[in-house]
Amino acid sequence: MKRTILLTAVTAFSFASTGWAADLTVKAPPPIAPAPLWTGWYVGLNLGYGFSGSSDPSARATSAWWAPAFAAGAAPGSFPGAREGVFGGGQIGYNWQVNSLVVWGLEADIQGSDIHKTTDLSNPGVGGFFPGTSFASQKLDWFGTVRGRVGVLAAPTALVYVTGGLAYGESKYAYNLSFPASNDFEDLSASKTKAGWTVGGGVEWVFAPSWSAKAEYLYVNLGRESFLTVGSGRPSNVTNPVAVGFDDSYHLVRVGVNYKFGPLLGR
């Protein structure tokens, strides 16, 4: 009888010990999801090429004084040739990776620019007018943008995006119409800082931890400017300025590299 009671007690204690041990087992915490690869601040550099996106500089008479010269072609009404050149600068931005597919972002950049055109035209005496020369130049000196970006991930480290927002910059303008034999001259020299808009798209991909490269296209439109020349020479010419118009729209293509702070891209 005693032996039976002892065996029962040992068995009960064994079951109880097993339960206590199970209760005391420490469960492993759930794995922590890795931070989104694209979320965070970044800075970078870029280099590109731009060319004009619309009409050439134009000139026209504002009164009957210069109208015959423009009608005969002695004073040119347009200046053919594209504005083109290189530009380069830096950018800073922030990305939010929403999920495994969508990335939102904001980016600002500033660029130094040599996108320009200079045209010299000569008139050997068209339509009975004295020989003359005409000159026009235009240069986008610098510009910048502040844009939103939204894209989809073609792969975890490859982003295809569209972008658009504010554009701003400074352009410099010059114009001269000269008929030395008749003592008639018109001149213009001006610069203006102004704002407009931009839209475009690009691709960006990770090539090393914390580093990505991008290729991008932007259309930038800063509007159109019109000026009146300052006349000199004969007194009758001084009061009859020429109206000169310049368009500031550009196609831009560029490549760049970004360094991302925080969690490493591609890991």
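The values are calculated or read from the model by the stated rules, or taken from the named source; none is laboratory data. The structure presented is a predicted model; accordingly, all values stated were derived computationally and were not measured. So basically every Cβ, Gly included, is an ideal-geometry build from the backbone, and we count neighbours across all protein chains shown. For the accessible areas, the whole protein counts, side chains as well, though only heavy atoms, and no ligand, DNA or RNA atoms are used. Shrake-Rupley method; radii C 1.70, N 1.55, O 1.52, S 1.80 Å.
Things worth noting here:
- From the coordinates of this entry, Rg and Dmax of the Cα atoms in Å is computed, and it appears in [x] 17.2, 51; [y] 34.6, 142; [z] 18.2, 66 under the label [y].
- Potential lengthening between K172 and A108 on full extension [0.36 nm per residue; Cα-Cα distance subtracted]: 20.7 nm
- Note on the chain: GNM, Cα springs under 10 Å; of N46, N123, N183, the largest mean-square fluctuation is that of N183.
- Added length on full extension, which subtracts the Cα-Cα distance from 0.36 nm per residue, A71 to Y259: 62.0 nm
- Summary of the geometry: the range 200-267 and the range 140-154, compared by the centres of their Cα atoms, lie 11 Å apart.
- Greater than 21 Å apart at Cα, pairs in K192/K214; K139/K214; K194/K214; K117/K192; K194/K260; K214/K260: K192/K214; K139/K214; K194/K214; K194/K260
- Relative contact order of the chain, pairs being alpha-carbon contacts under 8 Å that are 6 or more residues apart, as %: 21
- Calculated FRET efficiency for the pair N221/I92, C-beta based, R₀ 30 Å, to 0.05: 0.80
- Most to least accessible of L188, L166 (protein chains only, probe 1.4 Å): L166, L188
- Charged neighbours of W197, selected by a Cβ distance under 14 Å, balance to +2 (K, R count +1; D, E count -1).
- Other residues with beta-carbon under 13 Å from the beta-carbon of N176 carry, at +1 per Lys or Arg and -1 per Asp or Glu, a net charge of -4.
- Per residue solvent-accessible surface (Å²) - the chain, probe of 1.4 Å: 51
- Between W205 and E84, the FRET efficiency estimated from the beta carbon spacing at R0 = 25 angstrom works out to 0.35.
- The range 165-241 - percent of accessible surface contributed by carbon and sulfur, probe 1.4 Å: 63
- Look at the alpha carbon pairs under 8 Å that are at least 6 residues apart: their mean separation over the length of the range 54-124 gives a relative contact order of 30 percent.
- Rounded to the nearest 10 Å², the accessible area of S55 at probe 1.4 Å: 60
- Heavy-atom accessible area, probed at 1.4 angstrom with all protein chains present, ranks D109, D187, D141 as D187, D141, D109, highest first.
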